[in-house]
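Chemist: Sharing a structure, written as structure tokens. Questions coming.
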Amino acid sequence: CKAVVLISGGGSNLQAFIDQIEAGQLPLDIALVISNKPEAFGLERATRAGIDTLVVNHKAYPSRDDFDRALQRAIDAATPDLVILAGFMRILTADFVNHFRHRLINIHPSLLPKYPGTNTHQRALDAGDTWHGASIHFVVPEVDAGPIILQGRLKIRSDDNADQLQQRIHKIEHQLYPLAARWFAEQRLSQHNGKVLLDGET
Ligand code: GRF
């Protein structure tokens, strides 16, 4: 299964993919890592692992449509089966999302449908939630709203702050995201009535 990974920052989720691929646990070939930010540390992680990188800087384009079209062209040139958003911090146009529909996945640091958007850890704390977590989902044009593949949760401690929660969520993400990608690569995921099925189970 050939993948393109899109990042904007540190790339710790990208690293989790790389580690599992190198350990022979994930049948994924990352053909290309694209960042919209030239300074993203994840680019260095990719280079160290021998993966091609590309910067498509959103600031170089007059509009979101122009940026997304350039991004789409760059991804298409790598002919991926799967496009993985791993900390990619740009909202994507409906045209882009529809072009990659059913092969575009994202990870979001909340128990969706709770807390789409940003600042999820603080919002979970402010709401006095007992549980918090991360969700992996197929991407649809509505932000953070697509069919959920996998969720992991943790219990919020009374003394947790947003930074601590983020660190603990990251650990969950690094386990979940490669697993979801593996299911995709093994063609074990399908969709029915807006829900994701594993091995066709309902
Ligand atoms: C993750 O928390 C992910 O849920 C969110 O952005 C963060 C990316 O972290 N979408 P990293 O760049 O993979 O370290």
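Chemist: Quick one: which of Val140, Val97, Val55 is more than 26 Å from Leu179 (Cβ to Cβ) and away from the ligand (no atom under 12 Å from the Cβ)? Lay out the reasoning, then the answer.
Modeler: Details: Val140 fails: more than 26 Å from Leu179 (Cβ to Cβ); Val97 fails: more than 26 Å from Leu179 (Cβ to Cβ).
Selected residue: Val55, the only one of Val140, Val97, Val55 that is more than 26 Å from Leu179 (Cβ to Cβ) and away from the ligand (no atom under 12 Å from the Cβ).
Chemist: Show the residue pairs that are 6+ apart or on different chains and have beta-carbon atoms under 6 Å apart, the first residue being within segment 113-130 and within 25 Å of Lys195 (Cα to Cα), the second being among the basic types (Lys, Arg).
Modeler: Correct list of pairs: Tyr115/Arg123.
Chemist: Still on this structure, please answer the following. Would you check which residues across segment 1-51 are touching a Ser or Thr at 6+ places or on another chain (Cβ under 6 Å), more than 9 Å from the ligand (Cβ to nearest atom) and among the hydrophobic types (A, V, I, L, M, F, W, C) and list them?
Modeler: Once the filter is applied, which keeps residues that are touching a Ser or Thr at 6+ places or on another chain (Cβ under 6 Å), more than 9 Å from the ligand (Cβ to nearest atom) and among the hydrophobic types (A, V, I, L, M, F, W, C), segment 1-51 yields Val33, Leu43, Ala46.
Chemist: What's the total number of residues in segment 159-181 that are assigned to a loop (DSSP other than H, G, I, E, B) and buried (at least 16 other Cβ atoms within 10 Å of the Cβ)?
Modeler: 1
Chemist: Let me spell it out: the conditions are (1) closer than 17 Å to Leu14 by Cα; (2) more than 16 Å from the ligand (Cβ to nearest atom), and Ala70 meets all of them except one. Which number is the exception?
Modeler: For Ala70, the failing item is (1).
Chemist: Which of the following residues is part of a helix (DSSP H, G or I), in contact (Cβ under 8 Å) with a residue 24 or more places away in the chain and in contact with an Asp or Glu (Cβ under 7 Å, 6 or more places away or on another chain): Phe96, Phe184?
Modeler: On the way: Phe184 fails: in contact with an Asp or Glu (Cβ under 7 Å, 6 or more places away or on another chain).
Going through Phe96, Phe184 in turn, the sole match is Phe96.
Chemist: When Tyr115 is evaluated against the numbered criteria (1) within 13 Å of the ligand (Cβ to nearest atom); (2) within 21 Å of Ile7 (Cβ to Cβ); (3) in a loop (DSSP other than H, G, I, E, B), which criterion, by number, is the only one it fails?
Modeler: Here Tyr115 clears every test but (2).
Chemist: Here is a check on your reading of the model: is Gln151 surrounded by fewer than 19 Cβ atoms within 10 Å (Cβ to Cβ) and either closer than 15 Å to Ser110 by Cβ or in contact with a strand residue (DSSP E or B) (Cβ under 9 Å, 6 or more places away or on another chain) (or both)?
Modeler: yes
Chemist: Just to be sure, is Leu197 outside any loop (DSSP other than H, G, I, E, B), away from the ligand (no atom under 13 Å from the Cβ) and under 20 Å from the mean Cα position of the chain (by Cα)?
Modeler: Yes: the conditions hold for Leu197.
Chemist: Let me ask something else. Sort out which residues of segment 164-181 are farther than 15 Å from Asp81 by Cβ and in contact (Cβ under 8 Å) with a residue 24 or more places away in the chain, and write them in order of number.
Modeler: Within segment 164-181, Leu165, Gln166, Ile169, His170, Ile172, Glu173, His174, Gln175, Leu176, Tyr177, Pro178, Leu179 meet the criteria.
Computed from the coordinates by the stated procedures, all read-outs in this text should not be read as laboratory data. Computed from a predicted structure; not experimentally measured. Quick reminder, even Gly has a Cβ in these numbers, built from the backbone with ideal geometry, and neighbours come from all protein chains shown.
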